[in-house]
Amino acid sequence: MLMAAHLLCEDEVPLLGINMGHVGFLSDIPADAIKTNLDLVLAGNYVEDVRFLLRGQVFRNEKCIAEDYALNDIIIQKWNIAKLVELDTFIDGAFVHTHRSDGLIIATPTGSTAYALSGGGPVVHPSLDALILVPICPHSLTNRPIVVNGDSYIEIVVGTRKIDQARLTFDGNVVQELAPIDRIKINKKNKKIRLIHPSGHDQFHILREKLHWSK
């Protein structure tokens, strides 16, 4: 689903997810019920769910050297070292903090049930216009996840001693090795993803089923 979203985001082609046996928050049609659900969807019996994506850019010496998009998350993570990385975070130009950690996850509401959830972030309903920042194993236990407005501009300055001690991933794909003082700028992409669900789709039912709540 993430790969399909990357391929189709420019054209806003609707996506229908078939669950092939994994957790699959975006793929809510069971593989053994494809025909029944597809017949209903093709007959117009479905609900549409619009999700936004993130755009991330890497600037080195004031020049953009990499750019990509993510439906779930953009992640800065340490690489090839056993030490923490230092990251300076700014939101809408305002300094937030400097923290030392294994990295930082910037997630959409769609991605709040992915790596961000494993890192202790909140589950955010996909209808909310919000971004989630989740530090990965921060050195200070008081450094907690935060939720900000979805239209925020986020900037992170990388503090490593050498190049490739941190890398940048988009939906799990490594896009760029990072160097000291690289600046990563993140904001909403100007295109959205249209997801198709069977009629009666209920986000809380999906959460109960996938996360085994009340069991």
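Each reported figure results from applying straightforward, stated rules to the coordinates on display, with no laboratory input. Keep in mind that what you see is a predicted model, and the values were worked out from it rather than measured. Every residue, glycine among them, receives a Cβ derived from its backbone with ideal geometry; neighbour counts consider all protein chains shown.
What the Cβ-Cβ distance of Lys35 and Val174 gives, at R0 = 35 Å and to the nearest 0.05, is a FRET efficiency of 0.40. Cross-linked pairs Lys83/Lys162; Lys63/Lys189; Lys78/Lys191; Lys78/Lys185; Lys35/Lys192; Lys162/Lys185: Cα-Cα separations exceed 22 Å for Lys78/Lys191; Lys35/Lys192. Put a dot 7 Å past the Cα of Ser127, heading toward its Cβ, do the same for Asn190, and the two dots end up 2.9 nm apart. For the chain, the 222 nm mean residue ellipticity estimated from helices alone, with every DSSP H stretch of n ≥ 4 adding -39500 (n - 2.57) and the total spread over all residues, rounds to -3500 deg cm²/dmol. Other residues within the sphere of radius under 15 Å centred on the Cβ of Pro14, judged by their own Cβ, net out at -2 (K and R +1, D and E -1). Placing +1 on each Lys and Arg Cβ and -1 on each Asp and Glu Cβ, with no other charges, gives region 58-164 a dipole about its Cα centre of roughly 520 debye. Rounded to the nearest 0.05, what FRET efficiency do Gln203 and Ile181 have when you use their Cβ-Cβ distance and R0 = 45 Å? FRET efficiency, Gln203 to Ile181: 0.65. Answer with one residue from His97, Val124, Pro109: the one whose Cα lies farthest towards the positive end of the charge dipole of the chain, charges on Cβ with Lys, Arg +1 and Asp, Glu -1. It is His97, whose Cα lies furthest towards the positive end.
Since only Ile184, Leu16, Ser27 are under comparison, the one whose Cα sits farthest along the positive direction of the charge dipole of the chain, derived from C-beta charges on Lys, Arg, Asp and Glu, is Ile184.
Using 0.36 nm per residue and subtracting the Cα-Cα separation, the extra length available between Glu12 and Trp213 on full extension is 69.0 nm. Around the Cα centre of the chain, unit charges on the Cβ atoms of Lys, Arg, Asp and Glu (plus for the first two, minus for the last two) sum to a dipole of about 580 debye.
Would you mind getting me the FRET efficiency between Asn143 and Lys83? Use the beta-carbon distance for r and R0 = 25 Å, nearest 0.05. Computed FRET efficiency for Asn143 and Lys83 comes out at 0.90. The slack in the chain from Thr98 to Leu42, taken as 0.36 nm per residue of separation less the alpha-carbon distance, amounts to 15.1 nm.
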